[in-house]
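Asks: The structure follows.
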Ligand SMILES: Cc1cc2nc3c(=O)[nH]c(=O)nc-3n(C[C@H](O)[C@H](O)[C@H](O)COP(=O)(O)OP(=O)(O)OC[C@H]3O[C@@H](n4cnc5c(N)ncnc54)[C@H](O)[C@@H]3O)c2cc1C
C-alpha cells in the first residue's frame, strides 16, 4: 500500500517518482491516480507547467483535443485542478539529482535540496531538460554567485531583512519583487526597458509598491558588482536614458535573465540515451533500466513527435505498465471513467 507520509529518517515513500511538472508529468499524475497510484513530483522550477508556463504562458495552443484554444498557463492551471483529487506530493525548486537502486529493487531519489524519496517506479517527464538560469554578462560575477547573487528563490527566509536588488523584467522577477516586498529591508528593481513582460496584474502590484516607496525601479544595464569575498556591497547601474553610471547600495542580488534547458543529472543515471534523449519502447515507455520509464519530450522512439498530446498518450500507457511494479500482487482492471463508480468516487463525481 501507499505510504505517502514521511517514513522514518525523512524518507518519503510513494508509488511513482515523477521528474518534471510539465504538462506531461502533470497528466501522468492523473493517469497513475486513476489506477490508485500515488505520485511525488519534482521540478527545478518554482511552479508547474514546464515549457507551457515558462516559455509561452499567454500563447494559444490550438492542438489539444477538444480545447479549441487554450493558453499555456490555462492548460497548466486546468491540469493542476484535474490532479487535485489525487493529492500528489509536489517538490518545486528541486533538482532530481541522484538515483540509486535499493536492495528491494525500489529506487531512492535524492534532490539537490536533500529531499529523499523512495518508490518502486521512476517516471522521467523531464521535457527539454531542467530549466537552468541564463547567466548575465557581467564581468567578474563568479565570486558572488550563490553567496550574495542568486538566480532563484529557493527559500524566502534567505532574503529576510536584506537590501535586495532584483534584475529582470519578466514574470519571475516581478513575482518575486511582489512576494518578497514584505520580507526585505529595501528593494530595487532594474530592467533594461521601461516596459515589463510580466502579466499585467503583477506589473500593477509592483507599481503600487513603487508608489508606496517599497521598491525603486531603474531602467538601466548592470555593468558591475562591487564587494569582496563573495559579498556584494553595491551594484553599478548604467542608466539607459543618460548613459551615466551610478551605484546602488545593496547586499543581495536576484538575477532573472531567462532560462535555458539542460539535460542535467539524468544523463548520469546509466540509462540508454539517443541524441541526448532517453530511449524507450512504445508499448510501455520503459527505459533500458527496468522500473524507470520516460514520457514526453525527453523520450525518443521511432516516429516520436514532441507534442503535448503525444505525451498524454504516453502517460496512459506508462501508467498501466508501471502498475505491475507498484502493485505486484494485484491484477490491473481496465476501466472507463464514464462507467467506473470507483474512478468517479476518486474524482469526487
Ligand atoms: C514556443 C513553443 C510553442 C509550443 N507550442 C506547442 C503547441 O502548440 N502544441 C503542442 O502540442 N506542443 C507545443 N510545444 C511543445 C510542448 O511545449 C512540449 O511538447 C511539452 O511542453 C512537453 O512537455 P513535457 O512535460 O514533456 O516537458 P516540459 O514542458 O519541458 O517540462 C519538463 C519539466 O521537467 C523539469 N526537469 C527536467 N529535468 C529535471 C530534473 N533533473 N530535476 C527537476 N526538474 C527537471 C523541467 O524544469 C521542466 O519544468 C511548444 C513548445 C514551445 C517551446
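The values are calculated or read from the model by the stated rules, or taken from the named source; none is laboratory data. Everything numeric in this text was worked out from a predicted model, so none of it was measured. Neighbour counts are summed over all protein chains in view; Cβ atoms, including those assigned to glycine, are modelled from backbone coordinates with ideal geometry.
Asks: Name the residue that is nearest to residue 98 (Cα to Cα), counting only residues in segment 110-135 that are within 11 Å of the ligand (Cβ to nearest atom) and without any contact (Cβ under 8 Å) to a residue 60 or more places away in the chain.
Replies: 112
Asks: Could you tell me which of the residues 140, 170 is over 30 Å from residue 271 (Cα atoms) and loosely packed, with under 14 Cβ neighbours inside 10 Å?
Replies: Checking each option against the conditions leaves just 140.
Asks: For segment 37-54, name all the residues that are in contact (Cβ under 8 Å) with a residue 60 or more places away in the chain and at positive phi.
Replies: Answer for segment 37-54, where residues must be in contact (Cβ under 8 Å) with a residue 60 or more places away in the chain and at positive phi: just 50.
Asks: Criterion first (under 23 Å from the mean Cα position of the chain (by Cα) and within 13 Å of the ligand (Cβ to nearest atom)) does residue 263 satisfy it?
Replies: yes
Asks: Considering segment 244-256 alone, what residues qualify as being in contact with a helix residue (DSSP H, G or I) (Cβ under 9 Å, 6 or more places away or on another chain) and more than 16 Å from the ligand (Cβ to nearest atom)?
Replies: Passing the criteria: 252, 253, 254, 255.
Asks: Condition first: in contact with a strand residue (DSSP E or B) (Cβ under 6 Å, 6 or more places away or on another chain) and part of a loop (DSSP other than H, G, I, E, B). Now tell me which residues in segment 286-305 satisfy that.
Replies: Hits for segment 286-305 are 287, 291.
Asks: Could you tell me which numbered condition residue 178 fails, if it satisfies all but one of (1) more than 16 Å from the ligand (Cβ to nearest atom); (2) in a loop (DSSP other than H, G, I, E, B)?
Replies: With (1) more than 16 Å from the ligand (Cβ to nearest atom); (2) in a loop (DSSP other than H, G, I, E, B) applied to residue 178, the lone miss is (2).
Asks: Among the candidates 330, 349, single out the residue that is away from the ligand (no atom under 13 Å from the Cβ), loosely packed, with under 13 Cβ neighbours inside 10 Å and modelled with pLDDT under 95.
Replies: Every option except 349 fails the conditions.
Asks: Within segment 319-334, track down each residue that is under 22 Å from residue 24 (Cα atoms) and in contact with a helix residue (DSSP H, G or I) (Cβ under 6 Å, 6 or more places away or on another chain).
Replies: Listed by number, the list holds a single entry, 319.
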